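Below: one structure, written as C-alpha coordinates.
The values are calculated or read from the model by the stated rules, or taken from the named source; none is laboratory data. Remember, it's a predicted structure, so these values are computed and weren't measured experimentally. Cβ: placed from backbone, ideal geometry, glycine included. Neighbour counts: every protein chain shown. Ligands, DNA and RNA are stripped out before the accessible areas are found, and what is left, the full protein with its side chains, is counted by its heavy atoms. Shrake-Rupley method; radii C 1.70, N 1.55, O 1.52, S 1.80 Å.
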Amino acid sequence: MKLKMYFALLAMGIIGLQSCSNDDDDDLPSSKVPEAVRNAFDSSFSNTANLSWETKTVAKGQYYKAEFNNKSDNGYKTEAWYTADGAWYMTETEMPYNVIPQAVKTSFESSEYASWKRDNEVDRIERNAVKEIIYIIEVESPQDVDMDLHYSADGILVKAVNDDGDGDNESLLPDAPSEMVTAATEFIQKNYPNARIIEIEAEHGMIEIDIIHDNQSKEVLLSTIYEWISTSWDVYTLPAKVTEAIKASQYNGYVVDDTEYFETPAGNYYLVELEQGKNEVKVKITEDGEFIG
(Lines give C-alpha, C1' and ligand atoms only; values in the text may rest on other atoms or scores of the structure.)
Protein backbone atom coordinates (compact mmCIF):
# COMPACT_ATOMS: atom_id res chain seq x y z
CA MET A 1 0.00 0.00 0.00
CA LYS A 2 1.36 3.37 -1.04
CA LEU A 3 4.87 1.91 -1.16
CA LYS A 4 6.27 4.62 -3.41
CA MET A 5 5.20 7.37 -1.05
CA TYR A 6 6.69 5.65 1.96
CA PHE A 7 9.98 4.97 0.17
CA ALA A 8 10.18 8.63 -0.83
CA LEU A 9 9.63 9.71 2.76
CA LEU A 10 11.99 7.14 4.28
CA ALA A 11 14.92 9.52 4.74
CA MET A 12 12.68 12.24 6.14
CA GLY A 13 11.02 9.78 8.49
CA ILE A 14 14.30 8.53 9.87
CA ILE A 15 15.59 12.04 10.41
CA GLY A 16 12.36 13.05 12.10
CA LEU A 17 12.41 10.09 14.43
CA GLN A 18 16.03 10.65 15.37
CA SER A 19 15.35 14.29 16.13
CA CYS A 20 12.51 13.54 18.50
CA SER A 21 14.08 10.67 20.41
CA ASN A 22 16.64 11.50 23.05
CA ASP A 23 19.88 9.51 22.86
CA ASP A 24 20.53 10.20 26.54
CA ASP A 25 17.66 8.07 27.81
CA ASP A 26 18.62 6.42 31.10
CA ASP A 27 17.85 3.23 32.92
CA LEU A 28 16.20 3.94 36.25
CA PRO A 29 16.00 2.07 39.52
CA SER A 30 12.41 1.56 40.57
CA SER A 31 12.90 3.96 43.48
CA LYS A 32 13.48 6.79 41.00
CA VAL A 33 10.24 6.16 39.13
CA PRO A 34 7.44 8.54 40.23
CA GLU A 35 5.00 6.96 42.67
CA ALA A 36 2.07 7.77 40.37
CA VAL A 37 3.73 5.80 37.58
CA ARG A 38 4.53 2.82 39.78
CA ASN A 39 0.98 2.75 41.14
CA ALA A 40 -0.52 2.90 37.65
CA PHE A 41 1.79 0.12 36.49
CA ASP A 42 1.05 -2.11 39.48
CA SER A 43 -2.69 -1.72 38.99
CA SER A 44 -2.43 -2.94 35.40
CA PHE A 45 0.39 -5.50 35.61
CA SER A 46 0.43 -7.42 38.86
CA ASN A 47 2.23 -10.58 37.72
CA THR A 48 5.53 -9.69 36.05
CA ALA A 49 9.16 -10.77 35.84
CA ASN A 50 12.40 -9.10 34.78
CA LEU A 51 11.02 -5.59 35.27
CA SER A 52 13.23 -2.64 34.34
CA TRP A 53 12.54 1.07 33.85
CA GLU A 54 13.97 3.79 31.66
CA THR A 55 13.08 7.32 30.65
CA LYS A 56 12.41 8.15 27.00
CA THR A 57 11.93 11.54 25.42
CA VAL A 58 9.73 11.32 22.33
CA ALA A 59 8.65 14.40 20.38
CA LYS A 60 7.91 16.95 23.12
CA GLY A 61 7.04 14.49 25.86
CA GLN A 62 8.98 12.54 28.44
CA TYR A 63 7.84 9.01 29.22
CA TYR A 64 8.65 6.32 31.72
CA LYS A 65 8.91 2.98 29.94
CA ALA A 66 8.59 -0.32 31.80
CA GLU A 67 10.09 -3.41 30.15
CA PHE A 68 9.07 -6.77 31.56
CA ASN A 69 7.74 -10.25 30.95
CA ASN A 70 3.99 -10.34 31.50
CA LYS A 71 3.37 -13.60 33.33
CA SER A 72 -0.39 -12.99 33.01
CA ASP A 73 0.04 -13.03 29.23
CA ASN A 74 2.16 -16.13 28.57
CA GLY A 75 5.30 -14.36 29.76
CA TYR A 76 5.47 -12.27 26.59
CA LYS A 77 8.01 -9.47 26.45
CA THR A 78 6.08 -6.27 27.07
CA GLU A 79 6.70 -2.53 27.19
CA ALA A 80 4.34 -0.05 28.86
CA TRP A 81 4.65 3.73 28.50
CA TYR A 82 3.56 6.33 31.09
CA THR A 83 3.95 10.05 31.72
CA ALA A 84 5.11 11.32 35.09
CA ASP A 85 1.55 11.79 36.36
CA GLY A 86 0.85 8.07 35.91
CA ALA A 87 -1.14 8.41 32.69
CA TRP A 88 -0.78 5.30 30.50
CA TYR A 89 -0.17 5.89 26.79
CA MET A 90 0.85 2.63 25.11
CA THR A 91 1.55 -1.04 25.67
CA GLU A 92 3.59 -3.03 23.17
CA THR A 93 3.56 -6.83 23.45
CA GLU A 94 5.84 -9.10 21.43
CA MET A 95 4.20 -12.41 20.60
CA PRO A 96 4.67 -15.38 18.24
CA TYR A 97 3.05 -15.10 14.82
CA ASN A 98 1.05 -18.28 15.36
CA VAL A 99 -0.96 -16.81 18.26
CA ILE A 100 -2.17 -13.59 16.61
CA PRO A 101 -5.80 -13.42 15.44
CA GLN A 102 -6.62 -15.75 12.55
CA ALA A 103 -8.10 -12.84 10.60
CA VAL A 104 -4.72 -11.10 10.61
CA LYS A 105 -2.89 -14.23 9.48
CA THR A 106 -5.43 -14.92 6.74
CA SER A 107 -5.18 -11.35 5.43
CA PHE A 108 -1.39 -11.36 5.47
CA GLU A 109 -1.07 -14.77 3.85
CA SER A 110 -3.28 -13.71 0.95
CA SER A 111 -1.56 -10.33 0.47
CA GLU A 112 1.18 -9.13 -1.87
CA TYR A 113 3.60 -9.45 1.05
CA ALA A 114 3.00 -13.17 1.66
CA SER A 115 6.13 -14.16 -0.28
CA TRP A 116 8.34 -11.73 1.68
CA LYS A 117 10.46 -13.01 4.57
CA ARG A 118 8.43 -12.64 7.77
CA ASP A 119 9.70 -12.09 11.29
CA ASN A 120 8.61 -14.79 13.71
CA GLU A 121 7.50 -12.21 16.29
CA VAL A 122 4.58 -9.78 15.94
CA ASP A 123 3.99 -6.60 17.95
CA ARG A 124 0.54 -6.00 19.44
CA ILE A 125 -0.01 -2.30 20.10
CA GLU A 126 -2.60 -0.93 22.54
CA ARG A 127 -2.91 2.85 23.06
CA ASN A 128 -5.02 5.19 25.13
CA ALA A 129 -5.58 7.69 22.30
CA VAL A 130 -7.46 5.18 20.12
CA LYS A 131 -9.51 2.13 20.97
CA GLU A 132 -8.26 -0.07 18.14
CA ILE A 133 -5.57 -2.68 18.75
CA ILE A 134 -3.12 -3.08 15.89
CA TYR A 135 -0.72 -5.90 15.01
CA ILE A 136 2.58 -5.10 13.31
CA ILE A 137 4.14 -7.77 11.12
CA GLU A 138 7.72 -7.11 10.03
CA VAL A 139 8.65 -8.34 6.56
CA GLU A 140 11.66 -8.12 4.24
CA SER A 141 11.58 -8.25 0.46
CA PRO A 142 14.09 -10.16 -1.70
CA GLN A 143 15.62 -6.72 -2.42
CA ASP A 144 16.23 -6.18 1.33
CA VAL A 145 13.41 -3.67 1.77
CA ASP A 146 12.08 -3.82 5.34
CA MET A 147 8.43 -2.99 5.95
CA ASP A 148 6.13 -2.88 8.97
CA LEU A 149 2.59 -3.99 8.10
CA HIS A 150 -0.07 -2.53 10.41
CA TYR A 151 -3.20 -4.70 10.68
CA SER A 152 -6.40 -4.19 12.60
CA ALA A 153 -7.52 -7.11 14.75
CA ASP A 154 -10.05 -8.10 12.10
CA GLY A 155 -7.37 -8.37 9.43
CA ILE A 156 -7.58 -5.06 7.57
CA LEU A 157 -4.20 -3.76 6.40
CA VAL A 158 -4.18 -0.19 7.65
CA LYS A 159 -0.82 0.81 6.20
CA ALA A 160 2.63 -0.42 5.27
CA VAL A 161 5.56 1.72 6.40
CA ASN A 162 9.32 1.49 6.12
CA ASP A 163 10.97 -0.19 9.09
CA ASP A 164 13.59 2.24 10.38
CA GLY A 165 15.43 -0.60 12.09
CA ASP A 166 15.39 0.75 15.65
CA GLY A 167 13.18 -2.07 16.90
CA ASP A 168 10.90 0.34 18.72
CA ASN A 169 7.39 1.63 18.05
CA GLU A 170 7.72 4.91 19.91
CA SER A 171 6.56 6.78 16.80
CA LEU A 172 3.08 5.42 17.60
CA LEU A 173 2.91 7.48 20.76
CA PRO A 174 0.54 10.45 20.36
CA ASP A 175 2.07 13.54 18.80
CA ALA A 176 -1.14 15.57 18.45
CA PRO A 177 -2.40 17.83 21.27
CA SER A 178 -5.45 16.54 23.11
CA GLU A 179 -7.66 19.33 21.77
CA MET A 180 -6.62 18.38 18.22
CA VAL A 181 -7.45 14.73 18.88
CA THR A 182 -10.86 15.73 20.22
CA ALA A 183 -11.65 17.94 17.21
CA ALA A 184 -10.43 15.33 14.73
CA THR A 185 -12.47 12.64 16.45
CA GLU A 186 -15.59 14.80 16.31
CA PHE A 187 -15.03 15.39 12.59
CA ILE A 188 -14.77 11.66 11.89
CA GLN A 189 -17.82 10.82 13.98
CA LYS A 190 -19.86 13.44 12.12
CA ASN A 191 -18.70 12.70 8.58
CA TYR A 192 -17.91 8.99 8.74
CA PRO A 193 -20.50 7.39 11.03
CA ASN A 194 -19.34 4.09 12.52
CA ALA A 195 -15.76 4.62 11.30
CA ARG A 196 -13.03 3.23 13.53
CA ILE A 197 -10.12 5.57 14.24
CA ILE A 198 -6.73 3.88 14.07
CA GLU A 199 -4.37 6.82 14.41
CA ILE A 200 -4.33 10.63 14.58
CA GLU A 201 -1.11 12.45 13.73
CA ALA A 202 -0.06 16.06 13.21
CA GLU A 203 2.40 15.98 10.33
CA HIS A 204 3.56 18.18 7.47
CA GLY A 205 1.25 21.01 8.52
CA MET A 206 -1.83 18.78 8.39
CA ILE A 207 -3.79 16.41 10.59
CA GLU A 208 -3.61 12.85 9.28
CA ILE A 209 -6.29 10.44 10.47
CA ASP A 210 -6.19 6.74 9.62
CA ILE A 211 -9.64 5.17 9.80
CA ILE A 212 -11.45 2.01 8.83
CA HIS A 213 -14.71 2.92 7.11
CA ASP A 214 -16.98 0.60 5.16
CA ASN A 215 -14.44 -2.17 5.80
CA GLN A 216 -11.79 -0.12 3.99
CA SER A 217 -8.65 1.53 5.32
CA LYS A 218 -8.77 5.27 4.52
CA GLU A 219 -6.64 8.32 5.21
CA VAL A 220 -8.40 11.59 6.04
CA LEU A 221 -6.46 14.86 5.86
CA LEU A 222 -7.56 18.00 7.69
CA SER A 223 -5.94 21.41 7.92
CA THR A 224 -4.79 22.61 11.32
CA ILE A 225 -8.04 24.58 11.57
CA TYR A 226 -9.99 21.36 10.91
CA GLU A 227 -10.99 22.03 7.32
CA TRP A 228 -11.33 18.90 5.22
CA ILE A 229 -8.58 18.52 2.61
CA SER A 230 -9.10 15.00 1.27
CA THR A 231 -9.97 11.39 1.94
CA SER A 232 -8.07 8.70 0.07
CA TRP A 233 -7.74 4.95 -0.15
CA ASP A 234 -6.09 2.30 -2.31
CA VAL A 235 -8.01 0.78 -5.20
CA TYR A 236 -7.09 -2.23 -7.28
CA THR A 237 -9.48 -2.03 -10.21
CA LEU A 238 -9.91 1.05 -12.39
CA PRO A 239 -13.17 1.94 -14.15
CA ALA A 240 -13.26 1.26 -17.88
CA LYS A 241 -13.38 4.99 -18.69
CA VAL A 242 -10.15 5.56 -16.80
CA THR A 243 -8.26 2.69 -18.43
CA GLU A 244 -9.56 3.73 -21.85
CA ALA A 245 -8.38 7.31 -21.23
CA ILE A 246 -4.90 6.06 -20.37
CA LYS A 247 -4.74 3.94 -23.54
CA ALA A 248 -5.84 6.91 -25.64
CA SER A 249 -3.20 9.22 -24.13
CA GLN A 250 0.56 9.59 -24.45
CA TYR A 251 0.75 6.98 -21.68
CA ASN A 252 -0.45 4.14 -23.90
CA GLY A 253 1.84 1.20 -23.19
CA TYR A 254 2.52 2.25 -19.60
CA VAL A 255 1.71 -0.22 -16.82
CA VAL A 256 -0.42 0.74 -13.82
CA ASP A 257 1.74 0.32 -10.71
CA ASP A 258 -0.41 1.78 -7.94
CA THR A 259 -3.73 3.61 -7.66
CA GLU A 260 -5.46 5.67 -5.00
CA TYR A 261 -8.91 7.23 -5.06
CA PHE A 262 -9.23 10.77 -3.68
CA GLU A 263 -12.31 12.60 -2.50
CA THR A 264 -11.74 16.37 -2.19
CA PRO A 265 -13.88 19.52 -1.88
CA ALA A 266 -13.01 20.35 -5.51
CA GLY A 267 -13.99 16.93 -6.85
CA ASN A 268 -12.93 13.30 -6.89
CA TYR A 269 -10.21 11.63 -8.93
CA TYR A 270 -7.88 8.65 -9.26
CA LEU A 271 -4.18 9.17 -8.63
CA VAL A 272 -2.53 6.60 -10.88
CA GLU A 273 1.16 5.68 -10.90
CA LEU A 274 2.25 4.56 -14.36
CA GLU A 275 5.51 2.89 -15.35
CA GLN A 276 7.23 2.12 -18.63
CA GLY A 277 10.73 0.80 -18.17
CA LYS A 278 12.56 3.38 -16.07
CA ASN A 279 9.96 6.04 -16.80
CA GLU A 280 7.47 6.70 -14.04
CA VAL A 281 4.69 9.26 -13.86
CA LYS A 282 1.70 10.08 -11.65
CA VAL A 283 -1.51 11.29 -13.25
CA LYS A 284 -4.86 12.44 -11.91
CA ILE A 285 -7.91 11.17 -13.80
CA THR A 286 -11.59 11.72 -12.99
CA GLU A 287 -14.11 8.89 -13.03
CA ASP A 288 -15.14 10.13 -16.50
CA GLY A 289 -11.63 9.68 -17.84
CA GLU A 290 -10.57 13.35 -17.81
CA PHE A 291 -6.95 14.17 -16.99
CA ILE A 292 -6.71 16.99 -14.45
CA GLY A 293 -4.14 19.11 -12.68
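Worth a mention:
- Annotation: lysines with alpha-carbon distance below 21 angstrom to Lys32 (same-chain offsets under eight excluded): Lys56, Lys65.
- Links that overshoot a 25 Å alpha carbon limit, given the list Lys77/Lys117; Lys218/Lys278; Lys247/Lys282: Lys218/Lys278
- The GluC sites (Glu not before Pro) of the range 163-236 meeting both criteria, a DSSP state outside H, G, I, E and B (loop) and at most 14 other C-beta atoms within 10 angstrom of the site's C-beta, are Glu227.
- Once backbone amide H atoms are built at 1.01 Å from N, Lys159 has His150 as its partners under 5 Å, excluding neighbours fewer than 5 places away on the same chain.
- Spin-label model distance (nm) - Val235 vs Ala49, 7 Å beyond Cα toward Cβ: 5.4 nm
- A simple spin-label model places pseudo-atoms 7 Å from Cα toward Cβ; at Thr83 and Val256 they are separated by 4.6 nm.
- For Lys71, the solvent-accessible surface computed with a 1.4 Å probe is close to 120 Å², ligands and nucleic acids excluded.
- Over the residues of the chain, the helix contribution to mean residue ellipticity at 222 nm works out to -5500 deg cm²/dmol, using -39500 (n - 2.57) for each DSSP H run of at least 4.
- When the GluC sites (Glu not before Pro) in the range 29-120 are filtered for DSSP coil states and for at most 15 other beta-carbon atoms within 10 Å of their beta-carbon, the remaining sites are Glu112.
- Here the range 229-280 and the range 81-157 have alpha carbon centers that stand 29 Å from each other.
- Average accessible surface for the chain: 52 Å² per residue, computed with a 1.4 Å probe over protein heavy atoms with every protein chain in place.
- Based on Cα contacts under 8 Å between residues 6+ apart, the chain shows a relative contact order of 9 percent.
- Taking label points 7 Å from Cα along the Cα-to-Cβ direction, Glu203 and Asp73 give a separation of 2.4 nm.
- Here the chain exposes an accessible surface that is 46 percent carbon and sulfur, computed with a 1.4 Å probe and the other protein chains kept in place.
- Relative contact order (%) - the range 144-293, alpha-carbon pairs under 8 angstrom, separation at least six: 13 percent
- Within the chain, the longest segment free of exposed loop sites, counting chymotrypsin sites (Phe, Trp or Tyr not before Pro) that fall outside DSSP classes H, G, I, E and B and have at most 14 other Cβ atoms within 10 Å, spans 1-225.
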